[in-house]
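Here the structure comes first, spelled out in structure tokens, and everything after it is commentary.
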Amino acid sequence: MSKDNNEISISIDTTYLQQESEPENNKFYFLYTVSIVNKGNIGAKLLSRHWIIEDANGKVQDVKGEGVVGDQPYMNPGDEYQYTSGTVLETSLGTMKGSYQMINDSESYFDAEIPEFILTIPRVIH
């Protein structure tokens, strides 16, 4: 019997939304686009998410919820699912990390780790 290979690859691109942000009110709005690829040999469904968001002041937001952007995507081996969401920080620098709780076609639950990434405003170079 072959062993199920739950291999989920996660990559993230971030964007600072200057027009939505209010630095004078300590509101820095960031978008993040997540690409999730099923590199394993078995289909899997994303059930829920857990984010740990920390700003430069050390303020931590612990966010848990079902699915992502109202969806619980199912991915066959080789499938990619992409979505964009956003967060607001009180500082111009922060980090996000977490995990997706998944279930595979063998009804085994597993976590797909989301590697830590940095949210920061672009620096202007003169």
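Every number here is computed from the coordinates shown, using simple stated rules; none is lab data. The structure displayed is predicted, hence computed values, not measured ones. We place every Cβ from the backbone using ideal geometry, glycine too, and count neighbours over all the protein chains shown.
Extension gain, Lys45 to Glu107: 0.36 nm times the residue separation minus the Cα-Cα distance gives 21.3 nm. Local charge for Met102 was computed over the other residues whose Cβ lies under 12 Å away, with Lys and Arg +1 and Asp and Glu -1, and equals -4.
If the only charges are +1 at each Lys and Arg Cβ and -1 at each Asp and Glu Cβ, what is the size of the charge dipole of the chain around the Cα centre, to the nearest 20 debye?
Result for the chain is approximately 140 debye, rounded to the nearest 20.
Size estimate for segment 43-116 follows the Kirkwood approach: the inverse of mean 1/r over distinct Cα pairs works out to 13.4 Å.
Normalising the Debye intensity of the chain to I(0), with uniform scatterers on Cα atoms only, and taking log10 at q = 0.11, 0.15, 0.20 Å⁻¹ returns -0.43, -0.71, -1.08. Within a Cβ distance under 15 Å of Gln18, other residues only, what is the Lys/Arg minus Asp/Glu net charge? Residues near Gln18 contribute -1 overall.
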